[in-house]
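Everything below concerns the one structure shown next.
The values are calculated or read from the model by the stated rules, or taken from the named source; none is laboratory data. Computed from a prediction, not measured in an experiment: that's the story for all the values here. Counting neighbours? That spans all protein chains shown, and the Cβs are built from the backbone with ideal geometry, glycine included.
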Amino acid sequence: MKKFIVRPSAILLSLAFTTSVFASDMQPDYQKLVNQAYQLYKNDKSGTVASYIPELATYSPNLYAITLVTVDGKVYSAGDTKAKFPLESLAKVFTLALALQQSGNDTVLNKIGASATGLPFNSVLGVELQANHTGNGLVNAGAISAVSLIKAKNSAEKWQLIANNLDAYAGGDKLEFNNAVYKSEMATNQHNQGIARLLQSYGRLYDNVEDSIDVYTRECSVDVSTEQLAQMAAVLANYGKSPLTQQQLLSHELLKPLLAEMTTAGMYDASGNWLYKVGLPAKSGVAGGVIAIAPGKFAIAAYSPPLDNNGNSVRGQEAIRYIANQAKASLFEKY
Ligand code: GLU
């Protein structure tokens, strides 16, 4: 007869999961949720590490980290939360915030747009097919256009403004620049150059092609850990104010369109499925980072390099979905 061996760790894990995740009537036990999400998905090895930027292929598929920061600044973490990885598309959120801050929501809507494309993040076809050509500020076309829209005297000043803005969201520390990733992407980004050139032909690029591509690639090459990224995202959960420094980085009025865009397009062409299953504004990057915002409650940053077919981190999505569902954090929970 076959014997079933029950591992003690499995018993402990299932016991932990049967007790309530709500520490009190109001507040979930966030540390418990983060630990559970980490344990549940740590052995999921599915997905593929991005390699179209060659340097990204050097990251270990085993890296996995989750950090949740509440609007009152409490931090809950599990896994490789000090491991650094490039922001990639996550940078688009914060530069779009800067564009909103500088130019206002009408200009951003007119010059970039906010509608979902239903196409891959770097689609050239999207530039051709969409009436506004740029799509929205969270796909490559709209994000390159957003960089071009940032007002500055020259390209060096523009990069400084964008980098300082990222640092301010992270709480003021200088975030590290990953030169290896920058060089690797600059050597292989002909596709993005093509997008920028097309945008220029349609009058949807507001600076020259070379500088726009250079600064866009720089912002994608800024390194963060989930601890830093969750602090950046927590500003968006805390109505535009940093829980760390108490600095108001974006007005509540401008935060609303930014969260709307993250809800519509943050997970690329999987944004509809994400909204269906999780119900939170979010954004992912091809290095494996994902952020999600529970307005007025918390932000989560998760990291794991293997991606699904839509370019979103497999375990990053799983972890956030689990925590958001257990904490009943969906935007639609109250309806
Ligand atoms: N730098 C990357 C690119 O332009 C960002 C894409 C992403 O993270 O989705 O392809």
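Hey, does region 303-317 have a residue that's in a loop (DSSP other than H, G, I, E, B), farther than 15 Å from TYR64 by Cα and within 11 Å of the ligand (Cβ to nearest atom)?
yes
Have a look at ASP106, ASP29 and point out the one that is modelled with pLDDT of 95 or more, among the acidic types (Asp, Glu) and closer than 29 Å to ILE144 by Cα.
Details: ASP29 fails: closer than 29 Å to ILE144 by Cα.
Answer to the selection: ASP106.
Looking at region 274-283, which of the residues that are surrounded by 24 or more Cβ atoms within 10 Å (Cβ to Cβ) and aliphatic (A, V, I, L, M) is nearest to LEU119 (Cα to Cα)? So that I can check it myself, show each step before the final result.
Start the filter on region 274-283 by keeping residues that are surrounded by 24 or more Cβ atoms within 10 Å (Cβ to Cβ), which leaves 274, 280-283.
Subset that is aliphatic (A, V, I, L, M): 280, 282.
On the way: LEU280: 20, ALA282: 17 Å.
The residue in question is ALA282.
Looking only at region 85-109, how many residues end up being in contact with a strand residue (DSSP E or B) (Cβ under 9 Å, 6 or more places away or on another chain) and within 13 Å of the ligand (Cβ to nearest atom)?
9
Does at least one position in region 111-121 carry a residue that is closer than 20 Å to ARG218 by Cα and assigned to a helix (DSSP H, G or I)?
The answer is no, given that none of the residues of region 111-121 is closer than 20 Å to ARG218 by Cα and assigned to a helix (DSSP H, G or I).
Within region 201-211, work out how many residues are polar (S, T, N, Q) and part of a loop (DSSP other than H, G, I, E, B). Spell out the reasoning first.
Let us first name the residues in region 201-211 that are polar (S, T, N, Q), namely 201, 208.
Going one step further and asking which of them are part of a loop (DSSP other than H, G, I, E, B), we end up with 208.
The qualifying residues number 1.
Take the residues in region 41-84 that are more than 16 Å from the ligand (Cβ to nearest atom) and among the small types (Gly, Ala, Ser); name whichever of them is nearest to PRO243 (Cα to Cα).
If we take residues in region 41-84 being more than 16 Å from the ligand (Cβ to nearest atom) and among the small types (Gly, Ala, Ser), then GLY73 is nearest to PRO243 (Cα to Cα).
Taking the condition in a helix (DSSP H, G or I), of a type outside the set (Lys, Arg), away from the ligand (no atom under 15 Å from the Cβ) and under 11 Å from the mean Cα position of the chain (by Cα), does ALA260 pass?
Details: in a helix (DSSP H, G or I): yes; of a type outside the set (Lys, Arg): yes; away from the ligand (no atom under 15 Å from the Cβ): yes; under 11 Å from the mean Cα position of the chain (by Cα): no.
Judged against the criteria, ALA260 is not a match.
Kindly indicate which of ILE293, ILE300, ILE323 is part of a helix (DSSP H, G or I), at pLDDT 95 or above, more than 21 Å from GLY113 (Cα to Cα) and more than 15 Å from the ligand (Cβ to nearest atom). Can you show your working first?
Values: ILE293 fails: part of a helix (DSSP H, G or I); ILE300 fails: part of a helix (DSSP H, G or I).
Exactly one residue qualifies, and that residue is ILE323.
Quick one: what pairs do we get from region 26-46, first residue among the acidic types (Asp, Glu), second in a helix (DSSP H, G or I), C-beta under 7 Å, 6+ apart or different chains?
ASP44/VAL314; ASP44/ARG315; ASP44/GLU318
Pull up region 119-145, narrow it to residues that are farther than 23 Å from TYR52 by Cα and crowded, with 18+ Cβ neighbours inside 10 Å, then point me to the one that is modelled with the lowest pLDDT.
Taking region 119-145 and keeping what is farther than 23 Å from TYR52 by Cα, we get 129-133.
Within this subset, residues satisfying the condition of being crowded, with 18+ Cβ neighbours inside 10 Å are 130, 132-133.
Values: GLN130: 91, ASN132: 94, HIS133: 94.
The qualifying residue modelled with the lowest pLDDT is GLN130.
For region 212-257, how many residues meet the condition of being outside any loop (DSSP other than H, G, I, E, B), closer than 22 Å to ALA141 by Cβ and within 16 Å of the ligand (Cβ to nearest atom)?
The qualifying residues number 10.
Being over 20 Å from the mean Cα position of the chain (by Cα) and either in contact (Cβ under 8 Å) with a residue 12 or more places away in the chain or buried (at least 18 other Cβ atoms within 10 Å of the Cβ) (or both) narrows it down to one of ASN179, ASN165, so name that one.
After applying the criteria, what remains is ASN179.
Considering each residue of region 153-172, count those that are assigned to a helix (DSSP H, G or I) and either of a type in the set (A, V, I, L, M, F, W, C) or in contact with a helix residue (DSSP H, G or I) (Cβ under 7 Å, 6 or more places away or on another chain) (or both), and give that number. I'd like the intermediate steps shown before the answer.
Looking only at region 153-172, we keep the residues that are assigned to a helix (DSSP H, G or I), and these are 155-170.
Then drop every residue that is not either of a type in the set (A, V, I, L, M, F, W, C) or in contact with a helix residue (DSSP H, G or I) (Cβ under 7 Å, 6 or more places away or on another chain) (or both), which leaves 155-156, 158-159, 161-163, 165-166, 168-170.
Counting residues in region 153-172 that are assigned to a helix (DSSP H, G or I) and either of a type in the set (A, V, I, L, M, F, W, C) or in contact with a helix residue (DSSP H, G or I) (Cβ under 7 Å, 6 or more places away or on another chain) (or both) gives 12.
Take the residues of region 175-211 that are acidic (Asp, Glu) and more than 10 Å from the ligand (Cβ to nearest atom): which is farthest from VAL147 (Cα to Cα)?
First pass over region 175-211, keeping only residues acidic (Asp, Glu): 176, 185, 207, 210-211.
Pick out the ones that are also more than 10 Å from the ligand (Cβ to nearest atom) and you get 176, 207, 210-211.
Details: GLU176: 20, ASP207: 9, GLU210: 12, ASP211: 9 Å.
Ranking the qualifying residues of region 175-211, first place goes to GLU176.
Determine which member of the set GLY47, GLY73 is crowded, with 18+ Cβ neighbours inside 10 Å and modelled with pLDDT of 95 or more. Walk me through it before giving the result.
Values: GLY73 fails: crowded, with 18+ Cβ neighbours inside 10 Å.
After ruling out the rest, the residue left standing is GLY47.
A quick yes/no check of all residues on (1) surrounded by 24 or more Cβ atoms within 10 Å (Cβ to Cβ); (2) touching a strand residue (DSSP E or B) at 6+ places or on another chain (Cβ under 9 Å):
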{"site": "ALA265", "(1), (2)": "yes, yes"}
{"site": "GLY272", "(1), (2)": "no, no"}
{"site": "GLY285", "(1), (2)": "yes, yes"}
{"site": "ILE291", "(1), (2)": "yes, yes"}
{"site": "PRO305", "(1), (2)": "yes, yes"}
{"site": "GLN317", "(1), (2)": "yes, yes"}
{"site": "ILE320", "(1), (2)": "yes, yes"}
{"site": "ALA327", "(1), (2)": "no, yes"}
{"site": "LEU331", "(1), (2)": "no, yes"}
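Which of the residues spanning region 113-148 are without any contact (Cβ under 8 Å) to a residue 40 or more places away in the chain and aliphatic (A, V, I, L, M)?
LEU125, LEU129, ALA131
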